[in-house]
1. Within segment 182-230, how many residues are aromatic (Phe, Trp, Tyr) and under 19 Å from the mean Cα position of the chain (by Cα)?
2. Six or more apart or on different chains, Cβ atoms under 7 Å: show the pairs whose first residue is in segment 58-78 and in the same structural domain as Asn107 (by TED's automatic domain parsing) and whose second is crowded, with 21+ Cβ neighbours inside 10 Å and modelled with pLDDT under 95.
3. Of the residues that sit in segment 13-31 and are surrounded by 15 or more Cβ atoms within 10 Å (Cβ to Cβ) and of a type in the set (A, V, I, L, M, F, W, C), which one is nearest to Trp114 (Cα to Cα)?
4. Could you check segment 36-106 for helices (runs of 4 or more DSSP H) lying wholly inside it with 2 or more residues that are closer than 28 Å to Ala141 by Cβ?
5. May I ask you to list the residues in segment 110-134 that are assigned to a helix (DSSP H, G or I), at pLDDT 95 or above and over 19 Å from Glu64 (Cβ atoms)?
6. Name the residues in segment 171-217 that are touching a Ser or Thr at 6+ places or on another chain (Cβ under 9 Å) and of a type in the set (Asp, Glu), would you?
7. Does segment 93-104 contain at least one residue that is among the aromatic types (Phe, Trp, Tyr), surrounded by 20 or more Cβ atoms within 10 Å (Cβ to Cβ) and farther than 18 Å from Gln149 by Cα?
Amino acid sequence: MTNDQKTIKSELNKYADSEKAGFLLRYFKVFPGGYGEGDLFIGVKVPYQRIIARKYYLEIPLQEVERLLQDPVHECRLTALFILSLRFEKSRTEEDKKEIVDLYLWNLSYVNNWDLVDSSAEKILGPYLMDNKKDLLYELAESGDLWKQRTAMMTTFHFIKNGRFTETLDLAEGFLQHKHDLMHKAVGWMLREIGKRDFSVEYEFLQKHYRKMPRTMLRYAIEKFEPQLREKFLKGLL
């Protein structure tokens, strides 16, 4: 059978579950006014999507992956991102990596929910930007678009894992007044990840900014702190 997006869609449909789809519609807030308004789900569990991605990622042409990424069904888009992430990881030339990054950026409007962002930004943009100019991060952060802003933040997870915190802290400071809780959670999460690797860096940042942080951001950031210290931050005693 030809390795194209129709093949992958056919495989995904084998694992479709209407009950699971109903749950996902609620979980990803697809209702009118929700952040996932208008999205479609067929109810395929993520492990099955990963299995399918691993099965096809080496052979499927990138143009077919792009078509899958543009599909209205959420699981198709997520599977496409798993494929792109695997392809990027296995790419051996800068030319191949740039082709994947360009495709990803060109289709960023389809990376339009938090799971899509979180499963791809650090895997694709993270390693690509690690040794390149970081201008793109700040362009995304200043875009005013929730998903692009979360993409910027989550891209830095790769930097954090490699001991680089500068961009994460810069973006976190810029997002302190962000209005959406999905950004509060992302920022708090990344600050927590910094703290796992260098507590003093996170602590210093929080001491300076915690009083003006949204509560959700602060709670995420201090989740792993000792109870007494966490309580002091929550009560404004530091």
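The values are calculated or read from the model by the stated rules, or taken from the named source; none is laboratory data. As the structure is a computational prediction, the values presented were derived from the model and not from experiment. Cβ sites come from the backbone with ideal geometry, for glycine too, and all protein chains shown count toward neighbours.
1. Matching residues across segment 182-230 total 2.
2. Once the first residue is in the same structural domain as Asn107 (by TED's automatic domain parsing) and sits in segment 58-78, its partners that are crowded, with 21+ Cβ neighbours inside 10 Å and modelled with pLDDT under 95 give Glu64/Gln5; Arg67/Gln5; Leu68/Gln5.
3. Ranking the qualifying residues of segment 13-31, first place goes to Phe28.
4. 62-69, 74-90, 94-106
5. Passing the criteria: Trp114, Asp115, Val117, Asp118, Ala121, Glu122, Lys123, Leu125, Gly126, Pro127, Tyr128, Leu129.
6. Those that are touching a Ser or Thr at 6+ places or on another chain (Cβ under 9 Å) and of a type in the set (Asp, Glu): Asp181, Glu193.
7. Scanning segment 93-104, I find no residue that is among the aromatic types (Phe, Trp, Tyr), surrounded by 20 or more Cβ atoms within 10 Å (Cβ to Cβ) and farther than 18 Å from Gln149 by Cα, so the answer is no.
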